[in-house]
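So the structure is just underneath, and the comments pick up after that.
The values are calculated or read from the model by the stated rules, or taken from the named source; none is laboratory data. Bear in mind that the values here come from a model prediction, so they are computed numbers and not experimental data. Every residue, glycine among them, receives a Cβ derived from its backbone with ideal geometry; neighbour counts consider all protein chains shown. Keep in mind that these areas ignore ligands, DNA and RNA; they rest on the heavy atoms of the full protein, side chains included. Shrake-Rupley method; radii C 1.70, N 1.55, O 1.52, S 1.80 Å.
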Amino acid sequence: MALHRGSRKHGERHISVNPFFGDADPVSGMTEAPPTHRMPKKPLAPATAYQVVHDELMLDGNARLNLATFVTTWMEPQAGVLMAECQDKNMIDKDEYPRTAELERRCVAILADLWNAPDPSAVVGCSTTGSSEACMLAGMALKRRWSKRNADRYPAARPNLVMGVNVQVCWDKFCDFWEVEPRLVPMEGDRFHLDPRAAAELCDENTIGVVGVLGSTFDGSYEPIAGLCAELDALKERTGLDIPVHVDGASGAMVAPFLDEDLVWDFRLPRVASINTSGHKYGLVYPGVGWALWRDTDALPEELVFRVNYLGGDMPTFALNFSRPGAQVAAQYYTFLRLGHEGYQAVQRSTRNVATYLADRIEALGDFRLLTRGDQLPVFAFTTADHVTAYDVFDVSRRLREYGWLVPAYTFPPDREDLSVLRVVCRNGFSHDLADLFLADLERALTGLRRQPGPTGDREAATGFHH
């Protein structure tokens with residue numbers, strides 16, 4: 001969560017209110033404009049308060065044109081109505097809202113089946129506020145499982161977690177918050193994610209687990225989870241070290257089961273102990289909802305589980321957050337029910353088709369070189385071609401923003417900090433028609449960019465990488 005400072009001059013600026021926002025008498029109650037950084041003395045009419053906030057939020061722009069975010073920006077109106085009906089239900093109160101708790105349980109069962117659990121009834125799982133919380137919970141389980149097995153050495157021995165340098169920032173936060181040493185596999189050449197052999201070489205007796213990412217946020221590529229498990233199997237044969245794998249499937253775990261059914265990455269691999277995903281990404285639900293599942297109770301130490309009274313019975317819970325609305329869980333179940341397997345398959349296939357189409361068209365412009373093509377996650381990254389010297393990716397990002405498009409430009413992590421790219425995330429609702437409009441605006445932007453004497457060097461004005 002971002003940290004903000006209070007204003008030092010909070011009393012000097014006020015919000016302007018149009019008299020027409022008032023009641024039948026346009027000037028009724030408009031004698032004092034409300035301040036921005038302290039509570040007003042008197043109440044406002046609800047229509048007035050709404051209009052003031054609504055007008056300021058218009059400056060956020062159109063979320064549908066945000067090609068930076070993975071988060072769902074469109075749902076059916078019926079889903080919106082259902083969410084509004086459930087937004088006052090506190091998800092943590094299982095005994096007070098038993099049907100909402102039942103929908104959560106059904107979603108876990110659906111995901112266990114979707115991810116090919118050998119025994120779906122043995123799987124334990126929960127909803128979260130998003131993949132970041134889910135990753136924190138998975139990391140906690142890995143650490144507690146390791147510390148129990150190494151009780152004679154812990155806490156003197158410092159645990160470590162192996163992962164690619166391309167992991168989402170939540171894993172850096174986990175290692176910092178829970179005092180775990182991050183061991184990062186660097187990028188190398190045209191490999192922009194974890195290398196299985198290099199990951200296995202970083203493991204030792206203090207490794208709590210290895211994180212494999214099914215769908216890197218940097219370029220949309222899948223990490224080779226099966227290859228990673230094979231290397232760790234070989235490591236066990238050589239050394240006796242038995243290292244579990246957590247699959248961060250924030251995006252790919254809701255894409256691969258429908259489009260890449262022959263790809264083995266999930267609970268079919270015995271070494272995979274847990275999986276997380278974001279319901280609010282390719283799970284097709286508004287933010288924020290995530291899911292964390294463990295293969296069985298052995299993968300989730302019992303002492304991390306809290307138990308609450310549920311209809312006179314026992315309801316185990318595992319969470320970092322407490323009060324949160326049940327709306328997103330209801331919406332997730334609605335979407336599972338509404339689309340079914342064939343519906344999800346159709347939506348994800350359409351989204352991938354848009355991504356590969358757009359990637360091909362951008363490559364055909366001649367100004368860019370593709371790093372990925374959108375044929376795994378519906379996400380692709382590209383950079384300027386070698387012959388382009390008049391502008392850079394940051395100039396492109398800034399110019400596209402003038403047309404309303406948010407396209408992130410960013411530099412890759414070590415050891416490819418020399419590489420700066422643009423990334424396009426295609427989501428449900430970003431149609432072929434919108435893709436063509438985007439291409440037309442990109443071509444218009446290039447007309448001016450090609451006439452520049454060189455890159456402006458203005459990186460701050462470009463859309464950065466925060467996902």
For R145 the rounded accessible area (nearest 10 Å², probe 1.4 Å, non-protein molecules ignored) is 50 Å²
Return the calculated 222 nm mean residue ellipticity for the chain, to the nearest 500 deg cm²/dmol, obtained by summing -39500 (n - 2.57) across DSSP H runs with n ≥ 4 and dividing by the residue count. -11000 deg cm²/dmol
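Please list S251, S132 in order of solvent-accessible area, largest first, computed with a 1.4 Å probe with all protein chains present. Walk me through the numbers before you get to the answer.
On the way: S251 5, S132 55 Å².
Output order, biggest surface exposure first: S132, S251.
Give me the dipole magnitude in Debye, nearest 20, for the stretch 150-247 about the Cα centre, with unit charges on the beta carbon: positive for Lys and Arg, negative for Asp and Glu. Each step should come with its number before you reach the end.
Working: 8 positive and 17 negative charges, 22 e Å.
So the dipole magnitude of the stretch 150-247 works out to roughly 100 debye.
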To the nearest 20 Debye, how big is the dipole of the stretch 368-467 about its Cα centre, given +1 on the beta carbon of each Lys and Arg and -1 on that of each Asp and Glu? 120 debye
Run down the lysines and flag those whose C-alpha is under 26 Å from the C-alpha of K41, throwing out any fewer than 8 positions away in its chain. K9
Inter-label distance for T389 and V169, nm, one decimal - labels placed 7 Å from Cα along Cα-to-Cβ: 3.6 nm
Between their Cα atoms, which of K148/K281; K143/K173; K173/K281; K94/K173 are more than 23 Å away from each other? K148/K281; K94/K173
Considering the options G252, L3, L114, tell which one lies farthest towards the positive end of the dipole of the chain, charges being +1 on Lys and Arg and -1 on Asp and Glu at the Cβ, about the Cα centre. L3
Quick shape check on the stretch 152-282: root eigenvalues a ≥ b ≥ c of the Cα gyration tensor, a/c under 1.5 is rounded, otherwise prolate if a/b tops b/c, else oblate, and it reads prolate
Taking the Cα centre of the chain as origin and charging only Cβ (+1 Lys, Arg; -1 Asp, Glu), how large is the dipole, in debye to the nearest 20? 840 debye
Once ligands and nucleic acids are excluded and a 1.4 Å probe is used, how much of E417 is accessible, expressed in Å² to the nearest 10? 120 Å²
Please identify the DSSP H helices in the chain that span no less than 30 Å along the helix axis (Cα) and have a mean Kyte-Doolittle hydropathy of -1.0 or more. 327-364
In the chain, with Lys and Arg counted as +1 and Asp and Glu as -1 at Cβ, which of these residues, Q345, Q376, S131, has the Cα nearest the positive end of the dipole, that is, farthest along it? S131
Taking all protein chains together and a probe of 1.4 Å, list Y344, Y50 from the most accessible to the least accessible. Y50, Y344
In terms of the charge dipole of the chain, which places +1 on Lys and Arg and -1 on Asp and Glu at the beta carbon, the residue among P287, A200, H432 farthest towards the positive end is P287
